[in-house]
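The values are calculated or read from the model by the stated rules, or taken from the named source; none is laboratory data. Just so you know, these numbers come straight off a predicted model, no measurement behind them. We place every Cβ from the backbone using ideal geometry, glycine too, and count neighbours over all the protein chains shown. To get the accessible areas, we keep the full protein, side chains included, count just its heavy atoms, and leave off ligands, DNA and RNA. Shrake-Rupley method; radii C 1.70, N 1.55, O 1.52, S 1.80 Å.
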Amino acid sequence: STAWVGARDTGGELVASATPEQLARVLDHDLWRTDDERFDDARFGLWLEVLSEMGAKHAAERLLSLDEGVVALGLSRLFAVFDADRLARELRSDDDEGAQVDKLLESSHVTELEGFLLVAKSTQHADAAVAILAELDEQHRDDLERILGRIAGLTEQATEDHGGLLALLSGEDQLEGDVDGDRLDRRDALGFVSRADAAAF
């Protein structure tokens, strides 16, 4: 799978020829680091780049064919997502903090889709991701709202419970645990042995 993604010139064609089930199996393996079995943000971003080679329409359809938890987790590593109206109300309630946040947003890569603000945590892969999400906004708006709402919910929960970036990362780790559990169940059904089980054996 590494060689597959590495072949950028033909990557989009290879992905286009794979079935959704085949692509899901490859991603279940490729998006999780072999050393510690943690979700690999950079690999997810690279996969978005490969998907974008198919064109935004086909890339959006392929993204929707994947496990929604995987998609939400990957996007949560690329963007902080906020309900735009809720964020505006909160900022108005605290002028000092609001001014600081406004200044930060002005210098950030920010996209608004379906009433959500997507603030890129890094510019790397952001353009490819936004292009695919914009296509989802055009063709699959309900799906996009559900995915962004899920990420925004994590952001809101983490902020209310603990506050700040550390809390947001803790919320993402919780989602990562849920998604990893689903991934391991799928791999177990295919006969794969987990690293922990192999070590115990």
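Values for this structure:
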item	result
Total formal charge among the other residues, if their Cβ is under 12 angstrom from that of E112, Lys/Arg +1 and Asp/Glu -1	-4
Protein-only accessible surface order, largest first, of H29, H125 at 1.4 Å	H29, H125
